[in-house]
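The values are calculated or read from the model by the stated rules, or taken from the named source; none is laboratory data. Predicted model only: the values in this text are computed from it and were never measured. Don't worry about glycine lacking a Cβ; one is built from the backbone with ideal geometry, like all the others, and counts go over all protein chains shown.
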Amino acid sequence: MKPRVVARLLAPLRAASLVCGLLMLLAASALGASPGSVVVLPTTGVVDQVMAGYLRDSIARADRDGAAAVVVRLDTPGGSLDATREIVKTFLDAPLPVVVWVAPSGSRAASAGTFMTLAAHVAAMAAGTNIGAATPVTGEGQDIEGDLGEKVLNDSIASITAIAEERDRPVEWAVSTIRDAASYTVDQALEEGAVDIKAGSIEELVAALDGRTVTVNGQQVTLATEGAPVEELPMNPLQQFLHILTDPNIAFILFTIGFYGLIFELQNPNFVTGILGGIALILAFIGFGSLPLNIGGLILIGLAIVLFVLELTVTSHGLLTVAGVVCFALGAAALYTEPGTPEAPDVEVAAPIIITMTLLTAAFMAMVLLAAVRTHRFAPMTIGGTSGGPTLPLGTPAAVRRPLAPTGSVYAAGEEWTARTSDGRSLERGTAVRVVGQEGLTLLVEPTDTSVSLA
């Protein structure tokens, strides 16, 4: 090919590459914060390592871009102890002012959220929000007794005391959220001096921040936020996907879908449902890792799965399915426990989700059983000269699944059989045949004009 022709063919590709490069540069510049801006970080759901990484990286990025302050818009039931401590360290060592704003109305800073709010340079709450309730209990929701209980309690009190002293907040108030499981409204927290600002909107918050002096890494910094642009920096799509797995309802739904796939794979092997079910189970356990999982509830759901599998092999007239559905519903209701540490979330599967998934599970098992019954209707019969093992009647229609050359396999009576042609000829996949004999477990077939499905 001539160089000129090649150049003409490559010209559109070069132009497209240039355009793509410009678009990527524009997108990258658009994602950066403007100098002097107030960067808002939407932070909701269970506290986990994804949230910790998001806050750490976003605060560092805002500092590089010269932002005036970072506002963490918080709504959390609590979460992982390790993630909470990482976030607290990020806030205490932040190179620019960090404001934790419990918002919008109806939000909460429970358990781990209390530690995060107190660790900020400025703590703010919207009307109708609450903070506190961080008493450590066992996985079953009972008080932790003995030396272990005293150790956990003292460690939690020491941690929140250190945070309160560092940020010059009332120590006794902070300790009460752990020792007495106290929870406070925004007005009560303001009265005690634990929270600095009550703001119902980001505009109101930015106005209240202007002129406030805070200590950032030992240096006095006066916030200048009047007229500052407000820019929101949410999690990237991957972070959002990983973080949503920690939603207790999402984790439960994924777990249910996972065992749907495995049961269907056992009933009708096809690899696809088994692989998808396995992926769903892996994602579910990723979510469980950040949630207070109740082993008893998980065992009940596991027992339900065993009963469902047994239903496929044992004639119980549906009793095993009924028992499995009951175990499934009880396990779903008890899948999560009360928090075992002050930072852990108090979560549960929503009642509508339990009802919906239980009904879907019953319907799914009814569908699987119906398919199994239809398959079992093909009654095995003995044909002349054959003894031992399953047999098929003469004339049974079939379809070639693996080409017969002359030996291959056919699909007959709901199963795949080894087969060969009676006269030694070769037949392609999909050819309609009928059974004319049987040698052990090998069928002897010959082609017919009747169309037979491979399904």
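Observations on the model:
- Residues of the stretch 159-175 that are more than 14 Å from residue 109 (Cβ to Cβ) and touching a residue at least 24 places away in the same chain (Cβ under 8 Å): 159, 164, 166, 167, 170.
- Condition met for residue 50 (assigned to a strand (DSSP E or B) and of a type outside the set (D, E, K, R)): no
- Members of the stretch 171-199 found to be part of a loop (DSSP other than H, G, I, E, B) and surrounded by 15 or more Cβ atoms within 10 Å (Cβ to Cβ), listed by number: 182, 194, 195, 196, 199
- Of all residues in the stretch 253-275, none are farther than 30 Å from residue 95 by Cβ and in contact with a strand residue (DSSP E or B) (Cβ under 8 Å, 6 or more places away or on another chain).
- Qualifying residue in the stretch 240-256 (condition: outside any helix (DSSP H, G or I), among the polar types (S, T, N, Q), modelled with pLDDT under 90 and in contact with a helix residue (DSSP H, G or I) (Cβ under 6 Å, 6 or more places away or on another chain)): yes
- Applying the set (1) in a loop (DSSP other than H, G, I, E, B); (2) modelled with pLDDT of 85 or more; (3) of a type in the set (Gly, Ala, Ser) to residue 399 leaves exactly one unmet item: (1).
- The stretch 109-122 residues that are under 26 Å from residue 68 (Cβ atoms) and touching a residue at least 24 places away in the same chain (Cβ under 8 Å), paired with ones that are assigned to a strand (DSSP E or B) and of a type in the set (S, T, N, Q) (beta carbon under 6 Å, 6 or more apart): 113/76
- All told, residue 328 falls short of being modelled with pLDDT under 90, of a type outside the set (A, V, I, L, M) and surrounded by 13 or more Cβ atoms within 10 Å (Cβ to Cβ).
This table checks each residue for (1) in the same structural domain as residue 222 (by TED's automatic domain parsing); (2) surrounded by 23 or more Cβ atoms within 10 Å (Cβ to Cβ); (3) not β-branched (Val, Ile, Thr).
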{"residue": "48", "(1), (2), (3)": "yes, yes, yes"}
{"residue": "51", "(1), (2), (3)": "yes, yes, yes"}
{"residue": "67", "(1), (2), (3)": "yes, yes, yes"}
{"residue": "70", "(1), (2), (3)": "yes, yes, no"}
{"residue": "74", "(1), (2), (3)": "yes, yes, yes"}
{"residue": "79", "(1), (2), (3)": "yes, yes, yes"}
{"residue": "85", "(1), (2), (3)": "yes, no, yes"}
{"residue": "109", "(1), (2), (3)": "yes, yes, yes"}
